[in-house]
Amino acid sequence: MKLRFYKFHGAGNDFVMLDNRGQLYNLSSEQIALLCHRRFGIGADGLMLLESSSQYDFEMKYYNSDGLEGSMCGNGGRCIIAFADMLGIQKEEYHFLAVDGLHHANILSHKNQLWDISLQMIDVESVERNGDSYFMNTGSPHHVEFVNDVQKVDVYSKGKSIRNNEHYSQRGGTNVNFISIENGIIQIRTYERGVEDETLACGTGVTAAAIAAAMKEKSDNNNYKVKALGGDLSVSFKREGNSFTQVWLQGPAAFVFTGEFEF
């Protein structure tokens with residue numbers, strides 16, 4: 001089987017993208033893991049299929065680099081909008097279906113192979129607090145922990161230990177974010193489940209970090225700038241108590257290259 005693939009990244013969080021509107025590809029988890037493998041395949045944190053939808057502009061199917069279908073991916077959601085635009089699906093406002101439901105998105109700018117995209121995330125109806133850490137579902141489950149200096153954290157070791165500890169293993173595990181706030185800007189590093197390693201950015205994690213910051217600071221700030229290892233993003237929302245609605249994630253999506261892969 002030969003497939004045409006496209007490579008995108010959102011702030012360094014990279015993806016293999018396939019146009020599957022004609023249902024050309026029916027990939028096994030082993031094949032997806034191979035495509036994402038950084039030594040034997042194309043190399044990516046995940047793989048996405050853009051598929052037809054009878055009600056919306058398209059449907060997004062997301063798989064982690066382990067080959068298994070994942071929960072919502074915020075950076076992937078922005079990248080698939082850029083991919084749709086490249087394929088000729090061009091809208092003033094996009095409406096697409098993902099594993100966690102309906103999403104809206106807007107292309108704010110597009111120059112050469114770089115897009116600036118705003119993506120609406122799901123509402124967050126509750127946030128759990130445990131000491132200096134928070135847990136919530138922003139489309140994917142996220143543990144957010146405040147630290148003094150995020151650059152000094154052993155993200156792989158500490159993230160791995162939290163990801164499947166006794167508290168989270170009963171919930172299917174969690175993504176783990178370490179954050180600090182410097183000059184009003186959130187600094188973040190993330191250990192992603194399914195990738196089982198640190199990634200350069202995580203959109204649902206960035207969203208969770210902004211919400212956790214609002215909870216911790218007890219402020220009226222509803223717009224946060226977030227600096228990940230791979231780039232800068234921003235999150236805005238409306239808040240009522242521990243409930244967050246109209247949550248928007250804004251940031252870059254970039255086309256890297258296209259090619260063919262044959263199994």
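Just so it is clear, none of the values below were taken in a lab; they were calculated from the coordinates. Because the structure is a prediction, the values reported are computed rather than measured. Note: ideal-geometry Cβ built from the backbone for every residue, glycine included; neighbour counts use all protein chains shown.
Holding the Cα-Cα limit at 27 Å, pick out from Lys160/Lys238; Lys111/Lys218; Lys61/Lys216; Lys61/Lys152; Lys152/Lys225; Lys152/Lys216 the pairs that are longer than that.
Where the Cα-Cα span goes over 27 Å, the pairs concerned are Lys160/Lys238; Lys111/Lys218; Lys61/Lys216; Lys61/Lys152.
Taken about its Cα centre, the range 28-129 carries a charge dipole of roughly 440 debye when the Cβ of each Lys and Arg holds +1 and the Cβ of each Asp and Glu holds -1.
Residues considered: Gly88, Gly101, Gly43. Largest GNM mean-square fluctuation over the chain, using C-alpha springs under 10 Å, is found at Gly88. Under a Cβ-only charge scheme (Lys and Arg +1, Asp and Glu -1), can you give me the dipole magnitude of the chain about the Cα centre, in debye to the nearest 20? It comes to approximately 300 debye.
Between Tyr25 and Ser53, what's the calculated FRET efficiency when r is the beta-carbon distance and R0 is 22 Å? Round to 0.05. Efficiency, from the Cβ-Cβ distance: 0.85. Take the alpha carbon atoms of the range 47-103, find their center, do the same for the range 6-37, and report the distance between the two centers in whole angstrom. What the calculation gives is 12 Å, centre to centre. Among the trypsin sites (Lys or Arg not before Pro) within the range 163-242, those in coil by DSSP and having at most 13 neighbouring Cβ atoms inside 10 Å are Arg171, Lys218.
Note on the range 1-81: Rg/Rh from C-alpha atoms, Kirkwood Rh, equals 0.94. For Gln246 and Lys2, what is the calculated FRET efficiency with R₀ set at 41 Å and r taken between the beta-carbons, to the nearest 0.05? Result of the calculation: an efficiency of 0.40. Pair-distance distribution of the range 128-251: all C-alpha pairs, bin width 10 Å, starting at 0; shares per bin in whole percent are 14, 51, 31, 4. Which helices pass in the chain if a helix is a full DSSP H run, must span at least 18 angstrom along its long axis by Cα, and must have mean Kyte-Doolittle hydropathy not below -0.5? Both cut-offs are met by 74-87, 203-217.
Stokes-Einstein, applied to the Kirkwood radius of the chain over Cα pairs at a viscosity of 0.692 mPa s and 37 °C, places its translational diffusion at 179 µm² s⁻¹.
Ordering Phe244, Leu50, Phe5 by Cα displacement along the dipole of the chain toward the positive end leaves Phe5 in first place; charges were set at the Cβ atoms of Lys, Arg (+1) and Asp, Glu (-1).
Summed over qualifying helices (DSSP H, 4 residues or more, each -39500 (n - 2.57)) and divided by its residue number, the chain shows a 222 nm mean residue ellipticity of -5500 deg cm²/dmol.
Fully extending the segment from Gln113 to Arg171, taken as 0.36 nm per residue of separation minus the present Cα-Cα distance, adds 17.0 nm.
Summing charges over all other residues whose Cβ lies under 10 Å from the Cβ of Cys36, with Lys and Arg as +1 and Asp and Glu as -1, gives -2.
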